[in-house]
Amino acid sequence: MSDDVSRALFARAQKRIPGGVNSPVRAFRSVGGEPVFVRKAEGAHIEGADGKRYVDYVGSWGPMILGHAHPKVIDAIVDAARDGTSYGAPTEREVLLAEALCEAVPSMQMVRLTSSGTEACMSALRLARGFTGRSLIVKFQGCYHGHADFLLVKAGSGLATMGVPDSAGVTEAVARATLTAPFNDLAAVKALFDQWGDDIAAVIVEPVVGNMGCVPPAPGFLEGLSALCKSRGALFVIDEVMTGFRLAFGGAQERFGLGPDVADLTTLGKIAGGGMPLGAFGGRADVLSKLAPLGPVYQAGTLSGNPVATAAGLATLALLRDNAAFGQDPYAKLEATGAALEEGLRDAAKSAGVPVTIQRVGSMWTVFFTDAPVRSWDDAARCDTGRFGRFHRAMLQRGVYLPPSQFEAAFHSLAHGSSEVELTVRAAREAFAEAR
Ligand SMILES: *Cc1c(COP(=O)(O)O)cnc(C)c1O
């Protein structure tokens with residue numbers, strides 16, 4: 001499916017890089033093809049190694065909400081780099097970004113910067129354990145919080161089970177400290193608290209799941225989790241690495257009207273770094289004050305708060321607050337593009353006679369190849385992944401680059417306009433027919 005240049009690069013890559021990629025899902029294995037090697041990107045488009053252009057709905061898996069290579073972000077990066085790329089000493093931009101993040105997400109009184117979302121989630125949960133003096137973590141089946149050992153755990157069958165490692169190399173002892181429950185199932189979490197309440201340090205959740213495809217929370221689910229945590233002395237951690245600055249400037253917490261006392265801790269990444277490596281975790285000041293050097297919970301990073309990454313993040317956040325830059329509120333524009341895409345794709349599937357369920361929250365969406373709503377991992381697992389693979393390949397052939405997995409949300413950006421939507425819907429009419 002990929003071009004000759006990509007195919008040659010992939011052959012070379014596989015000799016020196018395991019699977020030819022530096023992050024597994026890039027390998028296109030679940031859609032049965034080979035990856036397109038990207039040589040550059042601009043706005044809503046990426047360009048393959050052979051020069052073929054694609055409308056991009058991966059957006060670097062979330063960060064590129066402005067579109068690729070926004071001139072103001074690139075200028076900020078270049079200007080910052082000219083002053084040196086890393087000092088290992090504090091800078092003004094770290095203060096500015098910390099202030100901007102806490103202003104955007106009012107449940108965050110203090111914040112620490114990291115270099116990735118993985119580090120942010122891992123560190124937030126270490127902090128939760130250190131603060132509460134408890135050892136267990138509750139996560140949801142199908143939610144991804146980075147690749148720290150204790151987070152690579154999914155549930156077995158049944159209502160909720162003790163964790164079993166999802167990856168070789170994760171010891172059972174580590175996995176056993178992670179309890180899992182089905183997403184959107186408050187009763188299952190209650191049952192976990194009834195059994196292990198005094199040992200549960202934190203519950204972590206993706207407020208809108210992106211990592212099993214786009215799955216919104218049932219009304220009251222997030223508030224219910226928060227209340228459970230409060231009544232049992234555990235911390236509630238909202239992982240907004242994907243949703244932060246994506247669903248609203250203040251993330252899912254703003255979009256769903258969650259007050260500042262709903263989340264104890266929040267993790268950020270992706271958009272917050274404007275396409276450079278950056279993550280963040282923040283929350284209640286009494287909790288954050290337990291971090292070294294103030295407190296006993298150790299956390300560190302050579303490149304944390306990197307001067308180039310903070311410049312990219314600040315430039316991105318400034319644009320997301322600048323209605324004039326997009327002729328309207330950026331989030332209203334994302335919503336309008338999303339609605340047009342959703343309607344066009346639904347219509348295309350219907351005329352091809354292919355049963356799909358399209359789920360979308362703002363600029364996050366998934367075409368699930370199933371006729372039933374997807375509320376949890378078990379629902380998602382019922383999708384026809386073979387059909388998704390055929391659809392994916394047919395779209396790629398027609399210049400539309402979708403996430404190469406049924407279980408990953410697609411994103412559009414502020415650079416996607418009506419011509420991209422039209423091209424996508426036109427391609428989908430044929431691709432759904434081919435996937436039949
Ligand atoms: C991407 C993601 C992470 C991990 O971030 P990395 O920067 O890839 O380490 C964590 N949580 C969620 C919800 C994510 O989408």
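The values are calculated or read from the model by the stated rules, or taken from the named source; none is laboratory data. Values in this document were obtained by computation on a predicted structure and should not be read as measured data. Using ideal geometry, Cβ is built from the backbone for each residue, glycine included, and neighbour counts are taken over all protein chains shown.
Computed quantities for the displayed model
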| quantity | calculated |
| --- | --- |
| Tally of residues being buried (at least 16 other Cβ atoms within 10 Å of the Cβ) and within 25 Å of GLY386 (Cα to Cα) across region 8-25 | 4 |
| Answer residue from region 1-58, given it is charged (D, E, K, R), within 26 Å of SER363 (Cα to Cα) and away from the ligand (no atom under 16 Å from the Cβ) and is modelled with the lowest pLDDT among those | ARG29 |
| Residues of region 229-244 that turn out to be closer than 14 Å to ASP261 by Cβ, touching a residue at least 12 places away in the same chain (Cβ under 8 Å) and not in a strand (DSSP E or B), as a count | 1 |
| Filtered residues of region 220-248 (kept if aliphatic (A, V, I, L, M), buried (at least 24 other Cβ atoms within 10 Å of the Cβ) and within 16 Å of the ligand (Cβ to nearest atom)) | LEU225, VAL237, ILE238, VAL241, MET242, LEU247 |
| Residue among PRO207, PRO217 that is without any contact (Cβ under 8 Å) to a residue 40 or more places away in the chain and within 15 Å of the ligand (Cβ to nearest atom) | PRO217 |
| Residue in region 317-334 that is among the acidic types (Asp, Glu) and assigned to a helix (DSSP H, G or I) present | no |
| Any hit, region 260-267, residues being within 16 Å of the ligand (Cβ to nearest atom), under 14 Å from the mean Cα position of the chain (by Cα) and of a type in the set (A, V, I, L, M) | no |
| Within region 325-350, considering residues that are of a type in the set (A, V, I, L, M, F, W, C) and under 24 Å from PRO219 (Cα atoms), the one surrounded by the most Cβ atoms within 10 Å (Cβ to Cβ) | LEU334 |
| Those residues of region 355-406 which are over 30 Å from LEU186 (Cβ atoms) and hydroxyl-bearing (Ser, Thr, Tyr), in sequence order | TYR401 |
| Considering residues of region 49-62 that are part of a strand (DSSP E or B) and of a type outside the set (Ser, Thr, Tyr) only, the residue surrounded by the fewest Cβ atoms within 10 Å (Cβ to Cβ) | ARG53 |
| Residue match in region 410-431 (condition: surrounded by 23 or more Cβ atoms within 10 Å (Cβ to Cβ) and either touching a Cys at 6+ places or on another chain (Cβ under 7 Å) or without any contact (Cβ under 8 Å) to a residue 40 or more places away in the chain (or both)) | no |
| Cross-chain or 6+ apart pairs with Cβ under 8 Å, region 50-71 first and farther than 21 Å from ALA312 by Cβ, then modelled with pLDDT under 95 and in a loop (DSSP other than H, G, I, E, B) | ASP50/ASP3; LYS52/ASP3 |
| Condition broken by CYS143, with the remaining ones in (1) assigned to a helix (DSSP H, G or I); (2) within 15 Å of the ligand (Cβ to nearest atom) satisfied | (1) |
| Failed criterion for GLY274 (all others in (1) closer than 29 Å to HIS70 by Cβ; (2) within 12 Å of the ligand (Cβ to nearest atom) hold) | (2) |
